[in-house]
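Where a number appears in this text, it was derived from the coordinates with a stated rule and is not lab data. What you are looking at is a predicted structure, and each value in this text was computed from that prediction instead of being measured. Don't worry about glycine lacking a Cβ; one is built from the backbone with ideal geometry, like all the others, and counts go over all protein chains shown.
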Amino acid sequence: MLDTRVAQSTIDHAIALGADFAEVFVERNQVNNIATVSNQVRDIASGIDFGVGVRLAYGAKVLYGYTNRTDAEELRRIVSELAAKDRRDPAVSAQAFDFRTAADIHGAQRTLSKDSEVRDKVDYLFAADRAARAASNLISQTQGACGQREQAVEVFNSDGVHIRDTRHYIRARLQAVASNGSDQATGMQTDGGLLGWEIVETLDPKACGAEAARQALVNLSAKPCPSGRMPVVIGNGFGGVIFHEACGHLLETTSVAKKASVFHDKQGQMIANPVVNAVDDGTLEREWGSINIDDEGMPTERTQLIKDGKLVSFLADRLGAEQTGLPRTGSGRRQSYRFAPASRMRNTFIEPGTASFDDMIASIDRGVYASHMGGGSVQPGTGEFNFAVTEGYYVEDGKIRHPVKAATLISTGPDVLKQISMVGSDFALATGMCGSVSGMVPTTVGQATLKVDDILVGGNA
Amino acid sequence: MVATVEANAERVLDKVLAAGALGDLVVQEESSLSLKAHDGELEEHKVTSTRVYGVRVVKDDRAGIAYSEAADPAALDSMVEQAFVNATFSRVDPAESVATGDTILVTDDASLCPDDPTTVEAKIAAALYLERELTARDKVRNVPYNGVQDATVERHVFATTGRTAHSRDRVCSAFAYALLSDGDKDALEGVQSHTRRFDEIDTAWIVDETYQRCVAMLHGEALSSKHYDVLFDVEHQADLFAVFHDMFSAKSARDGINPLRDKVGERIAVDALTVRDAPLNADGLGYALFDDEGLPTTTTTLVDGGVLRTLVHNSATATHFDVPNTRHANRSPRGPLGVGLHQLEVAPGNVDETALTSGEYLEIVDLAGLHSGGNPVSGDFSYGAAGFLCRDGERTRPVRNITVAGNFYGMLNKIDAIGDTQHWNPERSALMARIRFADVAISG
């Protein structure tokens, strides 16, 4: 996408101005987003983002700039402006580029640049709408969305890296609204992955619509949730957001390097119940959070974070590795050329165990079964996190009693990891978007159903 | 030679007209400088500039949109063609049109984009000062989040009817969040400040206020679960209204998901509540001379004495509902035509601050999980929270690791009192009289 001579000239200029490291990140991002309401197309938006990000490092200091232009003069101007306060005699030499194409382990077929396939996507969303409405006459509305994008990236740096990759993202979802005249409630089903529209061959729009409707109807009948500290069984799939928030962000060198994570000095120590094994894996075929290479040009990898309760590794980008002495993990990610990369999660999950769902529920005198979770957030410095329950049930005397609404779970990472006492075998993954210092990136969360012995439930009862 | 924005707009709109359609074009240009410090050194120095074009075409009662970051003739032509392709799939909607009129609106640079003499060196010094001064305070472990920013956003709207509008806004900001530790206790707190001129940022205040907030919250603990009277600080009261702003959206009403869609003219809140949208209050950073269809804005009373007076409309929703357009069109270059609030106001009530803070109540100064924990369709919310238990205006103990839960639309009918003084939120985008909510569920 960028003339190699222009990239070389830019990097040479940065090194001549004394930078310890220089990088050029080029991105072309083609987007097509379809939104439906009921059985109508509300809008379709499409476009192309294109830009070049330039990163210089002087020791631990990062200078970053970007532009929509690709000419050598513009890129050299940005370098000069960034380095104006730091220029010095050259400290290192730039390596000659060693061009490589990233090995593609995902193999997308029905890609956006071939055909946006709008009619086929609209048909899928309309079929999901019909299925949702067929579930009950209380389903008053549906909103569908299908987003596809094709992100081509090219990385050059002063270590001699020159590599290209193309990522194909697809995501489809349906939200159903149930209404009884006085109250409204919602349900949502989302599917996605790192592939093209061929994902539709594995999806059933009827199942999508029925599931969204089922959740909405359950929530419409839900009672206010009891509150206080109690045991909670967290469902599989998106329930894995608990680990993402409670622990994953705290293992990114973005916070570890600043000692702004409660886990920054805990490597080799027991930080979780021994039943907990956790992984961040960028290599899972066609999964939403996967990548072939990270946004610094490094092939991604599988990183075991916690083994039998012990913290064994962090997630490190190039700068984080330099600052902490930890090995890089192919985790340097960014939303777009507008952001400098940072250590970020990919597909993050707790590995399955052997406990049975029935045993988990039976072990609870008074608690909550959170079968579906929403998003959440964390303060890495204190480890305090929260996340929302989007479908939950009150559990009493070992039995699921009735649906509850408006619940949130809060705790700290160190506490909740020790409170996970049972992990089931019904492992599943789910797609999400994660926001942090380098923008919003696709991430997968996952787990089998698990039990937390003690956590604060916020409810409205 | 690089074409001007105006020349490119003319090219785009000529192509739209030549196809027998109407259309409008939004162009957004942004430039910014941001700086962050760590361990006494500048950690990040970011200089950015970007421009994006977004076109909306309306042909045969169908609307289509497309955008491009490239501004060469081929890219702009392709963008228009793609918008027409997208339009062929959209629903037939006679309400979709392009606002009529040929007015030309331009904002005043002197008030919205003032120059000041602050140099880049002075901005770097400000970033370093924030981190250095806080790190030097007792028990501060580090200042993981800090920085200063100077950003200018230019926005152009061009329509095939001849209407044009142009604004240029500058916002300077600074923030610091410090991590304070004492034994096994820690607290991460901070503040932010936003102004039009960099030299109006009071970095010493940010340092002092951040430190005081950390100290005040350090020994906070949960409190027993029950229902309390609650006062949110101005920042989080504005955040709550922002999460549930769809309650005023005519587009959500048209989509059948706004729970207040059939309530215009009906009571939705206590008598004391009056809510306005005041885009022309130039004291705020949410000032908007025009909406994203290029139409001049005006003050809109949304809730008057507890009665919902109107939803907010763009030209399409106003046509659909056959009501006046309130000029709340909202459209980014990359997105479809929607509606949005400009600068929300909760009008002053008749209770002075002493009466507002009488007896026992919980003052909430932090909410976690704002968007994930709130559902605008149902009104239900449940958030992590921190604050202070108070009595007669005095903070009696810090409180953290609690949750606050309820239904926002229901809470509007459980307002105990509204203060007689308005305050800006830190972003200066909402002007709020403080509300005392009764009987709010708190878990600890």
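Can you bin the protein assembly as shown into rounded, prolate or oblate? Criterion: square roots of the alpha carbon gyration tensor eigenvalues sorted a ≥ b ≥ c, rounded for a/c under 1.5, prolate for a/b above b/c, oblate for the rest.
Numbers: a/c = 1.19, a/b = 1.06, b/c = 1.13.
Because its axes are fairly even, with a/c under 1.5, the protein assembly as shown counts as rounded.
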| Hey, got the average number of other protein chain Cβ atoms within 10 angstrom for residues in B:188-196? | 1
| message | Given a 10 angstrom Cα cut-off, can you work out which residue in B:SER378, B:SER224, B:SER34 is the most mobile in a GNM of chain B? | response | B:SER224
| request: Quick one: what are the phi-derived ³J(HN,Hα) couplings along region B:209-220, Karplus 6.51/-1.76/1.60 with θ = phi - 60°, whole Hz, x for glycine and proline? | output: 5, 4, 5, 4, 5, 4, 4, 5, 9, 3, 9, x
| field | C-alpha center-to-center spacing [region B:376-444, region B:156-173] in angstrom | value | 36
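What order do you get for A:171-177, B:295-301 when each peptide is scored by the mean count of other beta carbon atoms within 10 Å, highest first?
On the way: A:171-177: 24.3, B:295-301: 17.6.
Most protected by this proxy first, the peptides run A:171-177, B:295-301.
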| query | Using the Karplus equation 6.51 cos²θ - 1.76 cosθ + 1.60 (θ = phi - 60°), what ³J(HN,Hα) coupling, rounded to whole Hz, does each residue of region A:148-161 give in order, writing x for Gly and Pro? | reply | 10, 8, 10, 10, 9, 10, 9, 10, 10, 8, 6, 7, x, 6
| Toward the positive end of the charge dipole of chain A, about the Cα centre and with charges on Cβ (Lys, Arg +1; Asp, Glu -1), which of A:LEU326, A:VAL423, A:ALA45 goes farthest? | A:ALA45
| If you plug each phi of region A:63-74 into the Karplus form 6.51 cos²θ - 1.76 cosθ + 1.60 with θ = phi - 60°, what whole-Hz ³J(HN,Hα) values come out, in order, with x for Gly and Pro? | 10, 9, x, 8, 8, 8, 9, 10, 7, 4, 5, 5
| field | chain A shape via C-alpha gyration tensor axes, a/c threshold 1.5 | value | oblate
| said: If the reach is capped at under 24 angstrom between alpha carbons, list the lysines near B:LYS251, excluding any in the same chain fewer than eight residues apart. | reply: A:LYS121, B:LYS59, B:LYS263
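Looking only at other chains, what is the average number of their beta-carbon atoms within 10 angstrom of each beta-carbon in A:397-406? Provide the component values of the computation, followed by the final result.
On the way: counts 0, 0, 0, 0, 0, 0, 0, 0, 6, 13.
The per-residue average across the peptide is 2.
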| Which lysines does A:LYS61 reach when only Cα atoms under 29 Å apart count, and residues fewer than 8 places away in its own chain are ignored? | A:LYS85, A:LYS258, A:LYS259, A:LYS266, B:LYS36, B:LYS46, B:LYS123, B:LYS139
| query | Helix B:73-89 sits at what angle to the longest principal axis of chain B, using alpha carbons and giving 0 to 90 degrees rounded to 10? | reply | 90
| query | So how do A:310-318, A:87-95, B:164-172 stack up, highest first, on mean other-Cβ count within 10 Å? | reply | A:310-318, B:164-172, A:87-95
| request: Quick one: which residues, 5 or more positions from B:ILE402 or on another chain, have an amide H under 5 Å from its amide H? H modelled 1.01 Å from N in the peptide plane, none for Pro or chain starts. | output: B:ALA385
| For residues of B:61-69, the mean tally of beta carbons on other chains within 10 Å | 5
| B:MET432's amide H: which non-local residues (gap 5+, or another chain) put their own amide H closer than 5 Å, with H modeled 1.01 Å from N in plane and none for Pro or chain starts? | B:VAL346, B:HIS423, B:TRP424, B:ASN425
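Applying a 10 Å radius around every beta-carbon, put B:86-92, A:357-363, A:43-49, B:380-386 in order of their mean neighbour count, most first. Show your work: numbers first, answer last.
On the way: B:86-92: 18.6, A:357-363: 16.1, A:43-49: 23.7, B:380-386: 27.4.
Ranking the peptides B:86-92, A:357-363, A:43-49, B:380-386 by packing returns B:380-386, A:43-49, B:86-92, A:357-363.
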| remark: Per the C-alpha gyration tensor (a ≥ b ≥ c, the square roots of its eigenvalues), chain B is rounded if a/c is under 1.5, else prolate if a/b beats b/c, else oblate; here it's oblate
| remark: In nanometres, the difference between 0.36 nm per residue of separation and the alpha-carbon distance of B:ARG267 and B:ALA19 is 84.5 nm
